[in-house]
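Single-structure report; data block below.
The values are calculated or read from the model by the stated rules, or taken from the named source; none is laboratory data. Since this is a predicted model, take the numbers as computed values, not measurements. So basically every Cβ, Gly included, is an ideal-geometry build from the backbone, and we count neighbours across all protein chains shown. What goes into the accessible areas is simple: the full protein's heavy atoms, side chains included, and nothing from ligands, DNA or RNA. Shrake-Rupley method; radii C 1.70, N 1.55, O 1.52, S 1.80 Å.
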Amino acid sequence: MKLPSLRRRMARRPRRGLLTRVRPPQLIALVYLLGIALGTAALHLPGMTRPEANLSTVDLLFTATSAVCITGLVVADTSEAFTRAGQVTILVLAQIGGLGIITFGTLFALLAGRRVNFSERQHLAQQVNALNVGSVLGLVRIIFLYTLAAQAAGTLLLSWRFVPQFGLGEGLYQAVFHAISAYNNAGFVVLPGGMTPYVADPLVSGVIALLIVLGGLGFLVQLNLITHWQAPRRNRMLVYSRLTLWTTGVLLVAGTGLLLALEWARAGTLGPLSAPAKLLAAFFQSVTPRSGGFATVDMTALSSASIFLMVALMFIGANSGSTGGGIKTSTFAILLGSAWNLIRGRTELVVFGRLVLPENVVRAGTITTIYTLLVFGSFFLMLVTNPALGFTPLLFETVSAAATVGLSLNVTPHLNDAGLLILSTLMYLGRIGPVTFAVALNLRQPPVKGVKYPPERDILVG
């Protein structure tokens, strides 16, 4: 009598849907693959590319990956190889990749009045690196509105320069395209002649740099800043926010100062510019390796020391939960703090009077180790498949792809199909995160343990 009763109870038990059985890292990895596939298919449609461009399937796959993973590496000039429809498609892919495909899907679900269950809230928390799962839906609404507001403000400011230069219709298009591309740290440019004509233009260079910084700060840091300014006593500044802001500021100042010193008199870069223009150009080139991908000077004319500096800044990247890549500023800061602690003989890492959880220190080391191995391994494959392109350009290209930056020493158009596929894989892994991908490959569910009350987690790593 017991066996039929057990069967009846099991029959009444609702089956878990496929979405509930997929863990957040696996879902993120899958949806970005799907986004790349759909983007590649869209770019294959008639009227997307110009006939003279002669782009192959691998070229279009690379372009779609670069757009969805908001990198900006291109096999051909975007304005010359793609029609207006193709350019808009690339921009839409970059916007979706910047905000996150899962975030977009949930926004459409909210607009349709669909209820979002707890499992999907977990997926969202993984996507936006939310500190509190319960507040994810409100956070996503704010992300969407804030992103549109920032891009609209950037469009308005850029139109002051582009509308008089190109006319109303083309000027607004250029302003919208580059405001979205800059805020998402996508790095795609459709300006005739690129960004170099605006090297001394404080409006264009300043607005683009500001949008890159805002996109690279991460949504949580910006929202924390806003709420703290509105009510300082009720909304404290998170340790994570303070850590990333300090690290970002130090990197920007140090990068600007070093580039000024290295390139001040160099004829191919800052040499011909006035002193204020040199400062602006150095600042812009210090901002863009943080995952922006824009350049107002010729990257191939930089000194070897400046190229090394750019590689280091790209490797560090932007902040957690942002549109940028790299190991992230919080990871870099925790590693430096841990090294300093070891030198001083301390066992615990304290930041701004708060203890950093040991698991975050371990996570920072794990992320850096996996990321370094990924870059080194991919760089080795690039040297094997494209030996004629040189050591330094290929290293620069590899780090740029892994950090989803998009800067290049004019190497991308000369890569063979093997090199393009390697970089496409790097851009994909750099966007979703190597740790996320590694966890996604583990199909076994972790064992369920007893209930534990989690400590306050102020610092996001990776």
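Using the Cβ-Cβ distance between residue 253 and residue 300 with R0 = 25 Å, the FRET efficiency computed as 1/(1 + (r/R0)^6) comes to roughly 0.45. Out of all Cα-Cα pairs in segment 52-101, roughly what percent, to the nearest whole number, are more than 15 Å apart? Looking at segment 52-101, the distances longer than 15 Å represent 39 percent of pairs.
Calculated accessible area for segment 213-304 comes out at 43 Å² per residue, all protein chains present (probe 1.4 Å; ligands, DNA, RNA ignored). Legend: Rg and Dmax of segment 178-316, from Cα coordinates, 16.0, 53 Å. Computed over segment 199-279, the Cα gyration tensor eigenvalues convert (square root of 5λ each) into semi-axes of 33, 14, 9 Å, ordered from largest to smallest. Largest accessible area first, the listed residues 340, 229 line up as 229, 340 when surface is computed with a 1.4 Å probe on the assembled protein chains.
If R0 equals 35 Å, the separation of the Cβ atoms of residue 366 and residue 231 corresponds to a calculated FRET efficiency of about 0.45. Volume per residue of the convex hull around the Cα atoms, evaluated for segment 289-387, comes out as 149 Å³.
The simple spin-label model puts a point 7 Å past each Cα toward its Cβ; for residue 33 and residue 308 those points are separated by 4.0 nm. Here the spin labels are modelled as points 7 Å beyond Cα on the Cα-Cβ line, and at residue 275 and residue 425 they lie 5.2 nm apart. Length available on full extension from residue 266 to residue 376: 0.36 nm per residue minus the Cα-Cα distance, which gives 36.5 nm.
With a ≥ b ≥ c the root eigenvalues of the C-alpha gyration tensor of segment 343-399, is it rounded (a/c under 1.5), prolate (a/b larger than b/c) or oblate? Because a/c hits 1.5 or more and a/b exceeds b/c, segment 343-399 counts as prolate. The charge dipole of segment 326-412, taken about the Cα centre with unit charges on the Cβ atoms of Lys, Arg (+1) and Asp, Glu (-1), comes to about 280 debye, rounded to the nearest 20.
Here the gap between residue 384 and residue 347, fully extended at 0.36 nm per residue and compared with their Cα-Cα distance, gives a gain of 9.0 nm.
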